[in-house]
Amino acid sequence: MTDDSCLPPHALKAVLGKWLWLQVLRLRLSSVDKNAADFLDSYVRVQVAVALSDPDNGETVNAFLTRLADGVKDQAGQLPEPTRTEALQLAAEFAELVAAFCASPCDPLERLASAVAQTSADFYNVYGVKVPAELWDRTSCAFSFLSGEVGLSFALYIHLTASTAFKSGNPPFAEVQLQIVPLFLDMPTMAVLPRVMLHEYIAHVPQGPYSASRIHPDPADAFAEGWMDYLAHRVHRNVLERRGPFQPLAGYLIPQGAHEEAAEAFFKARCARRDADAAAAARCDGADAARQLHDLLRGLPETKADPDAYLFTFSFGLNASARDHIDRQILVAVVRRNLSLASRTKAVSDPLRQWAAGTISLERLVEVLLAIR
């Protein structure tokens, strides 16, 4: 991070210390010695907690990181063999990362946000959905920090919050707002951060209609919070598998690693039903409907060669269209109701096949589906 970071210095030190340290562990998940990693991780956590408890400390970020790297090396040298050898290797790798950062400071969170934003824009563009370029260009990502132990409402073990605020303008734009908890920044939270951000950039940032003042969907909106989260999950999966326009984000995601596990746990938690929780039920229904449509596209002769492409084109197009939230939620209900019964599948599959064959437009397909009773 640079001197103009939106985080105060003491939080900045903590975030960077944990971020760089976790990068070392992230890159060596399959080979790291658990005893060495746990011992050194405890030391880093203590140093981060000390930095967070002293907001008036004038030590520079670079000085703090260098001192942290030296401390990790000292701690590693105190361990018995064979753990010491592994710990010293981790300490050396951490020192290299710290030295590289100090020589050329950057904002890793901002870089990740840019990669997620570019990947989202690329997926919309590649699948033929027109979103005003100015909307992507003017959208920003703002990071702030929380000092308490806070998590997502459906996954308290993920120590951050995320939301999107719509801003008025011509064209309108958005601000993705993420709050992180430096003290509790851990591997699961860091690993799931790209997936959390993809939800905001895939589901909310390009949401139409592009009126002067956009209306944010309700937390219990089955399309915005369920169906489109399934799309964000598929985009994440495509990036992991190096399919589609994956390049901007690919460097942040390790195939078959922590990111995949974290994303699956995140998606499962989002879609879990909870007693007396309308938002949870809506997310579950929306994701189920999108999955049902995806399964149908995998089986239709006209779409089975590339079902992801048809799912992306249909869903991105609907999300960026002038349709309102009510129409989108009705469509979720129509798809879910008709694809849940084999006798009613043709009501959805027939117009889908016409659209795939190019005989009707996407807008006409949506009209036909909305008219199904």
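Taken together, the values in this text are just the output of simple stated rules run on the coordinates, not laboratory data. All values derive from a computational prediction rather than experimental measurement. No Cβ is skipped: glycine too gets one built from the backbone with ideal geometry, and neighbour counts run over all protein chains shown.
Electrostatic bookkeeping for Asp308 treats Lys and Arg as +1 and Asp and Glu as -1; over the other residues with beta carbon under 15 Å from its beta carbon, the sum is +2. Protection proxy ranking of 69-80, 278-289, by the mean of other Cβ atoms within 10 Å over each peptide's residues and highest first, is 278-289, 69-80. Which of the aspartates and glutamates could a cross-linker bridge to Lys73, judged by Cα under 17 Å and excluding same-chain residues fewer than eight apart? Reachable aspartates and glutamates: Asp33, Asp38, Asp41, Glu81, Glu86, Glu93, Glu96. Size descriptors for region 9-106, from the alpha-carbon set: Rg then Dmax equal 13.0, 40 Å. Once the convex hull of all Cα atoms in region 47-172 is built, its volume per residue stands at 212 Å³. Ordered from longest to shortest, the equivalent ellipsoid semi-axes for region 264-358 are 24, 15, 14 Å, each the square root of 5 times a Cα gyration tensor eigenvalue. Cross-link reach is defined here as a Cα-Cα straight distance under 30 Å, omitting same-chain residues fewer than 8 places apart; for Lys268 the lysines meeting it are Lys18, Lys34, Lys304, Lys346.
Between the helical axis of 187-199 and the dominant principal axis of the chain, each derived from Cα atoms, what acute angle in degrees is found, rounded to the nearest 10? That works out to roughly 30 degrees. Angle, helix 228-240 long axis vs. longest principal axis of the chain, Cα atoms, 0 to 90°, nearest 10? Rounded to the nearest ten degrees, it is 60.
For the chain, a Kirkwood hydrodynamic radius built from all Cα pairs, placed in the Stokes-Einstein relation at 20 °C and 1.002 mPa s, yields a translational diffusion coefficient of 96 µm²/s.
Of Gly286, Gly299, Ala263, whose Cα points farthest to the positive end of the dipole of region 257-315 (charges on the beta-carbon: +1 Lys, Arg; -1 Asp, Glu; origin at the Cα centre)? Comparing the listed Cα positions along the dipole, Gly286 ranks first. A viscosity of 0.890 mPa s and a temperature of 25 °C, combined with the Kirkwood radius over C-alpha pairs in the Stokes-Einstein formula, give region 101-249 a diffusion coefficient of 153 µm²/s.
Here's the picture: a label point sits 7 Å out from the Cα of Val126 along the beta-carbon direction, and within region 192-209 the residues with their amide nitrogen under 16 Å of it are 198, 202.
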